[in-house]
Amino acid sequence: MASIREQFEIPGKMKTWALGLIAVGVLAMIIGLVTKGMGDEHEKTVFIGTLMYNSLFFMLICNASMFFICATTLAMGGWQVVFRRIPEAISTLVPIFGGIAWVVLMYIVFIDHNHHIYHWLSEEAKTDHILSGKLGFLNPVFFLIWTTLAIGLWIILGAKMRKLSSEADEAALRGEEPGKSFVWRNTVSASLFIVWFALTVGSTVPWLWMMSIDAHWYSTMYSWYTFASSFVAGMSLIALFVIYLKNKGYLEYTNQEHLHDIGKFMFAFSIFWTYLWFSQYMLIWYANIPEETIYFKTRVQGPYKGLFFLNLIINFVCPILILMKRSAKRNYTLMTFMAVLIIFGHWIDFHQMVMGSLSKEHVTLGWLDFGIAAFFIGMIILFTGRALAKKPLVPKYHPFLKESVIHHT
Amino acid sequence: MAHLKYESQLREPLVTGNKDYHQVTEDICRPIEAKPTKLWYVGFYIAVALLMFGVYSVYREVTYGIGQWNLNKTIGWGWDITNFVWWVGIGHAGTLISAILLLFRQGWRTGVNRAAEAMTIFAVMCAGQFPIFHMGRVWMAFFVLPYPNTRGPLWVNFNSPLLWDVFAISTYFTVSLLFWYSGLLPDFATVRDRAKTKLRKLLYGVAAFGWTGSTKHWQRHESLSLVLAGLSTPLVLSVHTIVSFDFATSVIPGWHTTIFPPYFVAGAVFSGFAMVQSLMVIVRKVFALEDYITLGHIEAMNKVIVLTGSIVGCAYLTELFMGWYSQNKYEGYTFWYSRANLFSPYGWSYWGMMACNVISPQIFWFRKMRRNLFVTFFMSVLVNIGMWFERFVIIVTSLYRDYLPSSWSVYYSPSTWEIGFYLGTFGLFFTCFFLFAKYFPVVAIAEIKSVLKTTGDTQKDGMDKQEEMQPEEFVHEYAH
Amino acid sequence: MAKKKFVVGCFDDEAVLFPAVKKVRTAGYKIHDVYTPFPVHGLDHAMGLRETSLHTAGFIYGITGTTTALSCISWIFTKDWPLNIGGKPHFALPAWIPITFELTVLFAAVGMVLTFCYLCQLAPFVKKHHFHARATDDLFVMVIECTAKTNEADLQGFLNSIGAKEVNVQEAEADWWFGRYDQEQQLIRDTKVEVA
């Protein structure tokens, strides 16, 4: 009888790559700190801004893994159980990246008082007739409390979900009663996470962290847009790890059928992202109110023009044309390529969302951005690898495992 | 090879009552083959009477002009457009159930998709009446079509969201109808092959297009359904998105907000599901279809209702927050005075909307409530009242106080003929639905049969062997 | 169009049907068709049918819709009758996306449904021979076309042995014709049975 191969061992190469990327990243940060961080106000802002959007982007795409787990749990999905440990492992990065992001944000608000990033921190904000009205929301105290609460509860609720998942390794879960209770407890925790997710990622947090960079500007769509961007990149990250483990000979019960469904998510949410992008852009373009169009001025007509259209090509045109075919979603090489492309595309999206407001005269995308991204990617590889090695790769006694094994698209 | 039919015993069966294939056919064809009941006649004639009243109301409007309605210069859109958006919204659940749930592989859709799709088509028909008759000179309605004409040719304005509506609603109606009808073909064939009378043989024979059940035809049919589902998913999003553009492309406070498209879609799904619930709770009882539309189905739909209700709630709060955050005094006035202030002239409608759409659906967090038929029915009606309020709030509270205080107006209440028109569309909707329920298979027979082996209760009992297997044994035996 | 001779075997369980299809094919018989009350997954593969390319046709129809919409609107608004609408450029692409999308979907859906009906010969007043009335109820009806070499008795026995519940021989028109289901019609064509 075949036994289920379920223990992941971190290959030496994976570790080397991870540490190498982290080293490159640290080096880039040190050079960046010396050349830019000590420079004039603008250079310094670029340095911190780059650090900020990277930490937010990578934290949100790792958190998207937990969102995926909770959403499929609530939908009573069975198909994802065979590879469920992968998004779980990716979500262990949330505490780490959450910590980094928290430090960066708090540094900006409390130590640096960087009003080039957050204009509402400046003295003149108190006399500006628009900004002064917003200070009830945009103030350091609320910023501290809400940021801490948001990240803190993601960590706690995510950990709760992972802890519950460990029960599925024990034979005690077999049978109807334990199974029912397991599903029920999962549902409760997942709904708590989803509700908190909606109150943070789905609404307040993107306003507070990113939209408030353009302190006068507002768009009700902003948070849902940010969510779509981070979720589709998060799905791509899951796909990458599934394919990696598959190539290493693990996950023998995860196959093209599952990959196909992950591919469908990537395809569908790429279109969803485009839908939100279009809705936001078109409505602002159409109504043509100066207070609103200012946001797109630098992006569509200014120096960010290239990135702006690149963003659309990578995140809309490529997925819709390439992932539409059934065979493409079942092809490991093509899916790897698309996953990398989509993650890169949404990283560019975050770049233009943040840096487009911080460095309006010229595009700063360069070695520093890629260096810092390398650091975060290295961290993802290292810690996801570690988390994967800690638990069996297959939740053997999960009530829906059998459905997942025979899953058929 | 045939794939193993298995699903976890933790899932409740979606077809109960120990059915086999033949019984499925029998159960669903029975109401079609029996004489209509007294209750059916009563309902049908009430619907037709309402429809007649509607026809008369429209006749008044067409003959004497829009003045038959109580619209005024400030409130140029009132009940008419509110009803339009309300009906279009309701017309979203069918396609959502058939298309999105098909893609998400939610097995419970099979029990309700046919009726939901029919409801969609009828709701869109009702919706279409409002903008058409709102034109006033309805005999000029063909002016909205772009065709080379002798007026220049003077083209339609492709940049106008109202024209986008023309395209969106007509495309949506056409595609939904094709999707629905292609699904009906095999079921009409089933009815045809059982028909006893000549007339039935003729009519169902014509309706079934000569369907035989050939494997090659099924293969193409499956491919067609999948692609139509794939097309309908973005289509259903686009329709209410474009309806929201009617408002959001403007610069009217309370209308111009970027979250409108997804929030309108969520609201549409919300009200559509509520309407499906109202109808299903009755249909399953009247036609004895409790074995096919089980409490499990009702519960699943209630979950969608609480989900979409909460998404809509999240959007309401987002808007309200931005009304303040923007520090734009017009936005602020609209949201915090005209709407959220209970004591402003239309404040009641805002709080009616909040109570029906956001607060009360939260009751469905409780499993007991989700499975209670009375609560379900009551809530489904409440949600549709709430969603009507929502459209009323959006349209009227943004219009009645515009930039010119001298034209401010609070004196808008509908005339008899405005109300009559609305009641008339109820008549149209229920006339169609009664006919559908009597002459069409209200549950998709072929689709139920194709999930029977996975989810029927007797068939599930046969899966004990697989359920008992150790995971290792199971993967050894069945993994592909 | 002509009449042909068929051996018909009816099965009442798809679990029996699958091995039966395999055995019939290995025995060298040509399966004319299998009529089922619902889509049986994997049966097309078991019968050796080619994948359908209906979805490719759909894609082409969709692209046609996109092109039609964009070319028509841009010609109308930039060449035929340019209008200044709200100060927007004549080539106001974002405003045309909704209609372009709708026409893409409309063309794809209508085109596909028509193609589907054409390929399967489905239309009102189309009539076909039905080998068993319960093929749309609860029977899986396997139809094997007889050739000059076919021994009908043997084949019937064989079908019985692999689980068919009901077996018979029918002479039938394999194609479609115009007709009504409430009337038996004598086809005008010759009644001679054609044997391949």
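Tabulated values for the structure
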{"quantity": "Residues that are among the hydroxyl-bearing types (S, T, Y) and assigned to a helix (DSSP H, G or I), drawn from the range B:216-265", "calculated": "B:S223, B:S225, B:S232, B:T233, B:S238, B:T241, B:S244, B:Y263"}
{"quantity": "Qualifying residue in the range B:78-90 (condition: in a loop (DSSP other than H, G, I, E, B), crowded, with 16+ Cβ neighbours inside 10 Å and within 23 Å of the chain's Cα centre (by Cα))", "calculated": "yes"}
{"quantity": "Helices (runs of 4 or more DSSP H) within the range A:244-332 that include 3 or more residues of a type in the set (V, I, T)", "calculated": "A:256-287"}
{"quantity": "Out of B:S271, B:S250, B:S225, sole residue that is surrounded by fewer than 24 Cβ atoms within 10 Å (Cβ to Cβ) and closer than 30 Å to B:T74 by Cβ", "calculated": "B:S250"}
{"quantity": "Any hit, the range A:229-237, residues being among the β-branched types (V, I, T), within 12 Å of chain B (Cβ to nearest Cβ) and in a helix (DSSP H, G or I)", "calculated": "no"}
{"quantity": "Residues satisfying the stated conditions in the range C:5-37, i.e. within 11 Å of chain B (Cβ to nearest Cβ), of a type in the set (V, I, T) and crowded, with 17+ Cβ neighbours inside 10 Å", "calculated": "C:V21, C:I31, C:V34, C:T36"}
{"quantity": "Number of positions in the range B:182-210 that are at the interface with chain C (Cβ under 7 Å from one of its Cβ atoms) and among the β-branched types (V, I, T)", "calculated": "2"}
{"quantity": "Hits in the range A:398-409 - residues which are more than 19 Å from A:I262 (Cα to Cα) and more than 7 Å from every other protein chain (Cβ to nearest Cβ)", "calculated": "A:H398"}
{"quantity": "Scope the range B:143-195; condition farther than 20 Å from C:G58 by Cβ, among the β-branched types (V, I, T) and either crowded, with 16+ Cβ neighbours inside 10 Å or touching a residue at least 12 places away in the same chain (Cβ under 8 Å) (or both); matching residues", "calculated": "B:V144, B:V156, B:V166, B:I169, B:T190, B:V191"}
{"quantity": "Extreme residue, farthest from the chain's Cα centre (by Cα), among residues of the range C:125-173 that are in a helix (DSSP H, G or I) and either among the aliphatic types (A, V, I, L, M) or within 14 Å of another protein chain (Cβ to nearest Cβ) (or both)", "calculated": "C:A153"}
{"quantity": "Unique residue being polar (S, T, N, Q), free of Cβ contacts under 8 Å to residues at least 60 places away in the same chain and over 21 Å from C:L106 (Cβ atoms) when the list is C:T52, C:T66", "calculated": "C:T52"}
{"quantity": "Unmet criterion (only one of (1) assigned to a loop (DSSP other than H, G, I, E, B); (2) under 24 Å from the mean Cα position of the chain (by Cα)) for B:T212", "calculated": "(2)"}
{"quantity": "Qualifying residue in the range B:148-169 (condition: more than 7 Å from chain C (Cβ to nearest Cβ) and among the aromatic types (F, W, Y))", "calculated": "no"}
{"quantity": "Test: residue in the range B:131-140 that is under 26 Å from B:F426 (Cα atoms), outside any helix (DSSP H, G or I), at pLDDT below 95 and among the charged types (D, E, K, R)", "calculated": "yes"}
{"quantity": "Matching option when the condition is over 21 Å from A:I86 (Cα atoms), out of contact with any Leu (no Cβ under 9 Å at 6 or more places or on another chain) and of a type in the set (S, T, N, Q), among A:S327, A:S357", "calculated": "A:S357"}
{"quantity": "Helices (runs of 4 or more DSSP H) lying entirely in the range B:372-480 (those with 2 or more residues that are within 14 Å of another protein chain (Cβ to nearest Cβ))", "calculated": "B:445-455, B:457-461, B:464-468, B:471-478"}
{"quantity": "Answer from C:K23, C:K88 - the residue that is of a type in the set (K, R), assigned by TED's automatic domain parsing to the domain that holds C:A174 and either in a helix (DSSP H, G or I) or over 28 Å from the mean Cα position of the chain (by Cα) (or both)", "calculated": "C:K23"}
{"quantity": "Every pair of residues 6+ apart whose Cβ atoms lie under 6 Å, when the first sits in the range A:278-289 and is farther than 10 Å from B:T241 by Cβ and within 7 Å of chain B (Cβ to nearest Cβ) while the second is hydrophobic (A, V, I, L, M, F, W, C) and surrounded by 21 or more Cβ atoms within 10 Å (Cβ to Cβ)", "calculated": "A:Q280/A:M221; A:L283/B:A248"}
{"quantity": "Count - residues of the range A:348-401 that are in contact with a Pro (Cβ under 7 Å, 6 or more places away or on another chain), over 30 Å from A:M210 (Cβ atoms) and either surrounded by 23 or more Cβ atoms within 10 Å (Cβ to Cβ) or aliphatic (A, V, I, L, M) (or both)", "calculated": "1"}
{"quantity": "Residue match in the range A:138-149 (condition: assigned to a loop (DSSP other than H, G, I, E, B) and either touching a helix residue (DSSP H, G or I) at 6+ places or on another chain (Cβ under 9 Å) or in contact (Cβ under 8 Å) with a residue 12 or more places away in the chain (or both))", "calculated": "yes"}
{"quantity": "Subset tally (residues that are hydrophobic (A, V, I, L, M, F, W, C) and surrounded by 21 or more Cβ atoms within 10 Å (Cβ to Cβ)) for the range A:325-346", "calculated": "5"}
{"quantity": "Residue that is surrounded by the most Cβ atoms within 10 Å (Cβ to Cβ), among those in the range A:121-137 that are more than 33 Å from the chain's Cα centre (by Cα) and part of a loop (DSSP other than H, G, I, E, B)", "calculated": "A:D128"}
{"quantity": "Complete set of residues in the range B:210-237 that are in contact with a Leu (Cβ under 9 Å, 6 or more places away or on another chain) and within 17 Å of B:A444 (Cα to Cα)", "calculated": "B:W211, B:W218, B:H221, B:L224, B:S225, B:L226, B:L228, B:A229"}
{"quantity": "Test: residue in the range C:39-48 that is farther than 30 Å from C:W96 by Cα, within 9 Å of chain B (Cβ to nearest Cβ), surrounded by 15 or more Cβ atoms within 10 Å (Cβ to Cβ) and touching a residue at least 40 places away in the same chain (Cβ under 8 Å)", "calculated": "yes"}
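The values are calculated or read from the model by the stated rules, or taken from the named source; none is laboratory data. Computed from a predicted structure; not experimentally measured. So basically every Cβ, Gly included, is an ideal-geometry build from the backbone, and we count neighbours across all protein chains shown.
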